Amino acid sequence: MEKLVSSWGNNVKALPHNYIFPPELRPGNNLKIPFTTNIPTDLSELENYHHRFQTIQKIIKASEEFGFFQVINHGVDINLMKETRKVMKELFEMGDEYKQKLYSEDPLKPCRLYTSRPTYATDGNLHLWRDSFIHPCHPLDQWQHLWPQNPTKYREYVGACSVEVKKLASRILRLISEGVGLECEYFEKGGLSGSMLVSLNHYPACPEPSLTLGVSKHSDPNLVTILLQDYVSGLQVLHNGKWIAVEPLPDAFLVNVGFQLQIISNGRLQCCDHRVVTNSSDARTTAAFFVAPLDDSFIEPAQAFIDEYHPPFFKSFKYKDFRSYYIAEKGDTEVVMESFLA
Ligand code: OGA
Ligand code: NI
């Protein structure tokens, strides 16, 4: 597979010209910025009233200020996380002939391996240093039969992990609801969290990390994203105009606010621009679970955030119309945000 970066092995000593970003978009000196102190949120013992209150406050504050936080003691089995990471890596190490079968440049194919961006075929001459395998993963019985049968444990582990992550997402959305004064099941209604896609991202070790990116600056179009990482760092988040590096905490999940949560909360919770940098020594593999509204779900700022001083800052729309627009504008945060303002 000449297009997949995971198929190039270690033979590439210099970055091909179509992976070299223009100087203003390169990570350059921002490649090795220090990690921000990120104290993870502990989701255990939430029946303790005091602890529950503090945990919720922490989640809300982080979502208002940074648009992301990390959670530990989240209820997802640590061994399942380990096995899922293993099977994800195995997928990208499969032979080229097999990967060729999974590869597709058709954005309408529900389960496919691609490289760079989902729109590779129309992307022109600048690519990202990553391969991705993407497919829906909720409801499981609707999709699991479309997933690969190799690696042999793929369906089992990615399936079990998806179920656990979806439960975790629901718990987090309930805590958020409680924190901002929405009814507890707000995000379970109207299909607001009715779908989930998983994107397995693989960023091979890169010969010249300062010149390229694994993922360029974007905010996620969905409601909320739950990220499973390994010990290799790479994620950076834009905060007050500066890139900050996110330390991958062992056994934690990273949670980030997507556009829809920002819109429904009428701007109180912030989606965050983020990107991925590569490094020259280690490959990095992550799983981004995108919890999203159903296509026909109706999105608008919730009444709880609207009063005479806070009119709706965003339009009402169907989620599928937002998504099409996001794809057409290649996820440009400013352009997308601007066109959904009220
Ligand atoms: C994404 C994303 C981050 C990562 O897939 O939208 O931002 O660390 N991934 O892989
Ligand atoms: Ni993202």
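Which ones in region 205-228 are within 15 Å of ligand 2 (Cβ to nearest atom), assigned to a loop (DSSP other than H, G, I, E, B) and of a type in the set (Ser, Thr, Tyr)?
The initial filter retains those residues of region 205-228 that are within 15 Å of ligand 2 (Cβ to nearest atom), namely 213-228.
Adding the requirement that they be assigned to a loop (DSSP other than H, G, I, E, B) leaves 213-214, 219-223.
Within region 205-228, SER219 is the sole residue that qualifies.
Condition check ((1) under 21 Å from the mean Cα position of the chain (by Cα); (2) of a type outside the set (Val, Ile, Thr)) across all residues:
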position: CYS111; (1), (2): yes, yes
position: SER116; (1), (2): yes, yes
position: THR122; (1), (2): no, no
position: HIS127; (1), (2): yes, yes
position: HIS135; (1), (2): yes, yes
position: HIS145; (1), (2): no, yes
position: TYR157; (1), (2): yes, yes
position: ALA160; (1), (2): yes, yes
query = If we keep just the residues of region 183-204 that are in contact with a Phe, Trp or Tyr (Cβ under 9 Å, 6 or more places away or on another chain) and in a loop (DSSP other than H, G, I, E, B), which is surrounded by the most Cβ atoms within 10 Å (Cβ to Cβ)?
reply = SER193
Odd one out for MET337 among (1) within 25 Å of SER116 (Cβ to Cβ); (2) surrounded by fewer than 24 Cβ atoms within 10 Å (Cβ to Cβ); (3) of a type outside the set (Ser, Thr, Tyr); (4) within 16 Å of ligand 1 (Cβ to nearest atom) = (4)
ask   = Would you call THR84 farther than 19 Å from PRO204 by Cβ, touching a helix residue (DSSP H, G or I) at 6+ places or on another chain (Cβ under 9 Å) and either among the β-branched types (Val, Ile, Thr) or modelled with pLDDT of 95 or more (or both)?
value = yes
task = Starting from region 205-231, take each residue that is over 30 Å from ILE264 (Cα atoms) and of a type outside the set (Phe, Trp, Tyr) and list its partners that are assigned to a loop (DSSP other than H, G, I, E, B) and near ligand 1 (Cβ under 9 Å from one of its atoms), counting only C-beta distances under 7 angstrom and pairs at least six apart or across chains.
result = ASP230/PRO248
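Please verify whether PRO204 is within 12 Å of ligand 1 (Cβ to nearest atom) and of a type outside the set (Phe, Trp, Tyr), treating the condition exactly as stated. Working first, answer last.
Numbers: within 12 Å of ligand 1 (Cβ to nearest atom): no; of a type outside the set (Phe, Trp, Tyr): yes.
No, not satisfied.
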Region 223-238 - residue that is under 30 Å from PRO301 (Cβ atoms) and among the aliphatic types (A, V, I, L, M) and, of those, nearest to ligand 1 (Cβ to nearest atom) = LEU235
request  = Go through region 47-93 residue by residue and tally those that are on the phi < 0 side of the Ramachandran plot, crowded, with 17+ Cβ neighbours inside 10 Å and in a loop (DSSP other than H, G, I, E, B).
outcome  = 3
message = Go through (1) more than 11 Å from ligand 1 (Cβ to nearest atom); (2) buried (at least 21 other Cβ atoms within 10 Å of the Cβ) for GLY267 and report which single condition fails.
response = (2)
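The values are calculated or read from the model by the stated rules, or taken from the named source; none is laboratory data. The model shown is predicted, which means the values in this text are computed figures rather than measured ones. Backbone-built Cβ (ideal geometry, glycine too); neighbour counts: all protein chains shown.
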